[in-house]
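A quick write-up on the structure given underneath.
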Amino acid sequence: MRTLPVSPTRLEEFLCGCRDELPILLGVVPFGMIYGLFALHAGLSAFTAQAMSSVVFAGSAQLIATQLIRDSAPAAVVVLTIFIVNLRHAFYSASVAPYLRALDRRWKWLLAYLLTDEAYAVGASRYLRDSGKAEVSPFRHWYFLGAGLTLWTSWQASTAAGIFLGARAPQAWSLDFTLALTFIALVFPVLRDRSSAAAAVAAGVVAVAACGLPYKLGLLLAAVAGIASGLAVEEVRA
Amino acid sequence: MRWLPALAVAGALTFAIRLSFIALLSHLEPSPLVWRALRFVPAAVLSAIIFPELLVKDGAVSLSPGNFRLVAGTLAAAIAWRTRNVPLTIAAGMASLWTLQFFAG
């Protein structure tokens, strides 16, 4: 986190946002490449795989959707799953809304489109750092834009790189296993207490038990069971 | 190409979620129960993907050491738990899967 001048210009805010996003790209770029590669091996065309990165623009949801497409799930199940997986972004929306209140509609729509986990992490921490200050920069949305666009650009580029590699890597290399491994790496940080661990275990067990269900409904059922278990454990322990 | 329309709908829904409170100026607060439930979404969804990928082989549950993805995935989980290091977890998991496949092969 570099320090800005006392009254930063739009450009200074923008560039500072870009810079602060850079460390996060270390995790994003391999994830984007895994997505591109996996999408191609799941049977999506290179064009559709790349298009999903700008149309949906949400890493975990894209990987999960790709897995469902590989297993020939119906389109409605794919759409509903993406919706549920991305519901958490409502949190982010509520969290940054007070800071964006004064902006015009174009800015609101643009920043909402860029509101991914990684852009939120950087943008929200900026607002947090500013809290308690008597005077804040009027161009903080440029900082947000810098962070969001940096992420967007790297996501598109790493998807393209993954598609390029995917077209050359044989299926025998089992590179689709990187999906499970990526999610294994991502799940431990979210297991913060017993209730979230209960949610994970219940969802996992139901997903295995329901893997034979038609229309690939197992994932949705497992997610609902996991959420219900998490709430139940939280209730008991409260 | 045939997936594009469905993905466009999913993209529009995702955008609507992200825009929701920004556009509505966050005057309406959802119920606390909804917020509490949303907190469990990542844990539930991630593990609902992981479990079948490791445990289900050719359509049936397989707990044997012959299920290489289960062995490699368990090792990767131990590393993820200890180190919280994403690239290391992926590298270790792939290396163990390839090693097992090589010696079985």
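What follows draws every value from the coordinates through simple rules; no lab data is involved. Small disclaimer: the values here were computed from a predicted structure and weren't measured. Neighbour counts run over all protein chains shown; Cβ positions are idealised from the backbone, glycine included.
Summary of values
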item: Quotient of C-alpha Rg and 2.2 N^0.38 Å, computed over the range A:31-188; result: 1.17
item: Signed unit charges on C-beta, dipole axis of chain A, positive-most listed residue A:Ile82, A:Leu231, A:Gln171; result: A:Ile82
item: Residues B:Met94, A:Met52 arranged by fewest to most Cβ contacts within 10 Å; result: B:Met94, A:Met52
item: Average other protein chain Cβ within 10 Å of Cβ, residues A:73-83; result: 4
item: Stokes-Einstein D (µm²/s) once Rh is taken as the Kirkwood radius of the protein assembly as shown over alpha-carbon pairs, at 20 °C in 1.002 mPa s; result: 103 µm²/s
item: Efficiency of FRET between B:Leu63 and B:Ala16 - r from beta-carbon atoms, R0 35 angstrom, step 0.05; result: 0.25
item: Packing-based exposure ordering (other Cβ within 10 Å, fewest first) of A:Phe83, B:Phe40, B:Phe68, A:Phe47; result: A:Phe47, A:Phe83, B:Phe68, B:Phe40
item: Qualifying lysines (Cα of each under 27 Å from Cα of A:Lys133; at least 8 residues distant if same chain); result: A:Lys108
item: Peptide A:189-202, shielding by other chains (average Cβ, 10 Å cutoff); result: 5
item: Virtual spin-label span in nm between B:Ala8 and A:Asp117, 7 Å along Cα→Cβ; result: 2.9 nm
item: Built amide H within the under 5 Å cut-off of B:Lys57, gap 5+; result: B:Ser62
item: Loop trypsin sites (Lys or Arg not before Pro), the range A:135-218 (other Cβ atoms within 10 Å of the site Cβ: 15 or fewer; DSSP); result: A:Arg168, A:Arg192
item: Residue order, fewest to most surrounding Cβ atoms within 10 angstrom, among A:Ile163, B:Ile22; result: A:Ile163, B:Ile22
item: Helical mean residue ellipticity (222 nm; -39500 (n - 2.57) per DSSP H run of 4+; nearest 500) of chain A; result: -25000 deg cm²/dmol
item: Under 26 Å from the Cα of A:Lys216 - lysines, other chains or at least 8 residues apart; result: B:Lys57
item: Computed label-point distance, nm, for sites A:Ala134 and A:Ser72 using a 7 Å Cα→Cβ extension; result: 7.0 nm
item: Per-peptide average of other Cβ atoms within 10 Å, ordering A:33-41, A:105-113 highest first; result: A:33-41, A:105-113
item: Whole-number percent relative contact order across chain A, with pairs defined as alpha carbons under 8 Å at least 6 apart; result: 31 percent
item: Residue with peak Gaussian network fluctuation, chain B [Cα springs, cutoff 10 Å], from B:Leu24, B:Leu33, B:Leu46; result: B:Leu24
item: Where labels lie 7 Å past Cα in the beta-carbon direction, separation of A:Tyr215 and A:Thr9 in nm; result: 5.7 nm
